[in-house]
Amino acid sequence: MLALGKLLELTLAGREPAEKTQLTVEGVRMRWLSEGALEVRPPEARDNGLDLLLSAGIHGNETAPIELLDRLLHDIARGDLKPRARILFLFGNPEAIRKGERFVEQDVNRLFNGRHEQSSGSEALRACELERLAASFFSLPDRQRLHYDLHTAIRGSKIEQFALYPWKEGRQHSRLELARLRAAGMEAVLLQNKPSIVFSSYTYDKLGAEAFTLELGKARPFGQNDGVNVSLLETRLKQIIEGTEPQMAEAQLDGLQLFSVAREIIKHSDAFRLNLPQDIENFSELEMGYVLAEDLANTRWVIEEEGARIIFPNPKVKNGLRAGILIVPTSGENLA
Ligand SMILES: O=C(O)CCC(=O)N[C@@H](CCC(=O)O)C(=O)O
Ligand SMILES: [Zn+2]
């Protein structure tokens, strides 16, 4: 296998490869760009015009997605997987990956769409670098742009695998992309309805990619991901990479559950209290009238939405950041 296929090993060791560019026997070019960043380019005659960004490890302790990208890279470096797409592989936060922690000082996934400019430290610099790498990768004209930012969640979930679909004024969510996600094993999609500071929102909003955060199960250390079944996603990614995806006559959503954001719960102060059991699962339903959270100056978050559910509840976030998302079921009537 080509040495550059070992991007994860290099990243874990904090090493630069001796050779920055390598070619497989089929003429696929692998190019190391920076720590945790590698571009794969098919020979021109085989290129099908898709630019695919695959990122993982934006949160350092979310190892199942990192292992998945590592397997895909090994397959490419061995010549077992023959790309027709141009691909950028990114391991988001190398320092946190080495420590096995979500982040070191700051959550990188709250530093995009310019937020890193209002901050300092190595994670702000990394978010800036990730934006630059993505922007440069997605700068070629007349190509399809697709980004999957792969994550696992802090807690268990009533719906194991789901996607978050960013929002941009005047742009419709694509039914075809939802059908693709369904085929990749996603059971639900949260359709966002306002701008955000996460990586997939940056590539969706500023770089014109179809972009998604994918949640694949519960975060566990390296080597302990048997409970995270990514086989449908892995198969689909291989098909996308090789340009062998089965054609979908019609965009079949096939039971995919759609949700929209009712409210983001923002933690304003150290007095913030979240009234949920510690082991509550994502997508748990909350009853009307339930006092979900309390904050300074008698602020109360009371459930007033029919069918409300909670995802990503986390009272430990820094003040000013989202401490949970209240979601409600929605229909797919506004899809493109
Ligand atoms: O389990 C949790 O509380 C967080 C899991 C996670 O890292 N989710 C992403 C979602 C990004 C998005 O909103 O698209 C995150 O919180 O960064
Ligand atoms: Zn994450």
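The values are calculated or read from the model by the stated rules, or taken from the named source; none is laboratory data. Quick caveat, the model's predicted, so the values are computed rather than measured. We place every Cβ from the backbone using ideal geometry, glycine too, and count neighbours over all the protein chains shown. Ligands, DNA and RNA are excluded from the accessible area calculation, which covers all protein heavy atoms including side chains. Shrake-Rupley method; radii C 1.70, N 1.55, O 1.52, S 1.80 Å.
Given a 1.4 Å probe, how much area per residue of the chain is accessible, in Å²?
Accessible area per residue: 44 Å².
With all protein chains present, how much of the accessible area of region 156-225 (probe radius 1.4 Å) comes from carbon and sulfur, to the nearest whole percent?
Numbers: 1230 of 2530 Å².
Carbon and sulfur: 49 percent of the exposed surface of region 156-225.
When a/c is below 1.5 the answer is rounded, else prolate if a/b is larger than b/c, else oblate, so apply that to region 1-105 with a ≥ b ≥ c taken from the square roots of the Cα gyration tensor eigenvalues.
Values: a/c = 2.25, a/b = 1.77, b/c = 1.28.
Here region 1-105 falls in the prolate category.
Assuming R0 = 22 Å, can you tell me the calculated FRET efficiency for the pair N48 and A135, based on Cβ-Cβ distance, to the nearest 0.05?
Efficiency at R0 = 22 Å is approximately 0.50.
As I understand it, the dipole of the chain uses +1 on the Cβ of Lys and Arg and -1 on the Cβ of Asp and Glu, about the Cα centre. Which of F112, F272, A135 lies farthest toward its positive end?
The listed residue farthest towards the positive side: A135.
Report the convex hull volume per residue for region 117-210, counting only C-alpha atoms, in Å³.
For region 117-210, the hull spanned by Cα atoms encloses 129 Å³ per residue.
What's the angle, to the nearest 10 degrees (0 to 90), between helix 231-242's Cα axis and the longest principal axis of the chain?
With rounding to tens, the tilt is 40 degrees.
Using Cα atoms only, what is the angle between the long axis of helix 63-78 and the major principal axis of the chain, expressed in degrees (0 to 90) to the nearest 10?
So the helix axis and the longest Cα principal axis differ by about 10 degrees.
What relative contact order, as a whole-number percentage, does region 201-336 give when Cα pairs under 8 Å and 6 or more residues apart are counted?
Result for region 201-336 is 23 percent.
Give, in nm to one decimal, the length gained when the segment between D226 and N275 is fully stretched (0.36 nm per residue of separation minus the Cα-Cα distance).
14.5 nm
Tell me, what % of the accessible area of region 287-326 is carbon and sulfur with a 1.4 angstrom probe?
52 percent
What is the calculated FRET efficiency for K318 to N298, with r their C-beta to C-beta distance and R₀ = 25 Å, to the nearest 0.05? Display every interim value, and only then the final one.
On the way: r = 22 Å, r/R0 = 0.89.
For K318 and N298, the calculated efficiency is 0.65.
Binning at 10 angstrom from zero up to the longest distance, how are the C-alpha pair distances of the chain distributed in percent?
Reading the bins upward from 0: 5, 25, 35, 24, 8, 2, 0.
Please count, across the chain, the pairs of lysine residues with Cα atoms under 24 Å apart that sit 8 or more places apart or on different chains.
23
Using just the helices of the chain, give the 222 nm mean residue ellipticity in deg cm²/dmol: DSSP H runs with n ≥ 4 each add -39,500 (n - 2.57), and the total is spread over all residues, rounded to 500. Please report the intermediate quantities before stating the final value.
Details: 7 runs with 73 residues, N = 336.
Dividing the helical sum by the residues of the chain leaves -6500 deg cm²/dmol.
When the dipole is taken about the Cα centre of the chain, and only Lys, Arg (+1) and Asp, Glu (-1) are charged at their Cβ, what size is it in debye, to the nearest 20?
Using Cβ point charges on Lys, Arg, Asp and Glu, the chain gives about 540 debye.
Provide the FRET efficiency to the nearest 0.05 for the E16-V291 pair, computing r from the beta carbons and using R0 = 45 Å.
Using R0 = 45 Å, I get an efficiency of 0.30.
Carbon and sulfur: what percent of region 1-42's accessible surface (1.4 Å probe)?
Carbon and sulfur together cover 49 percent of it.
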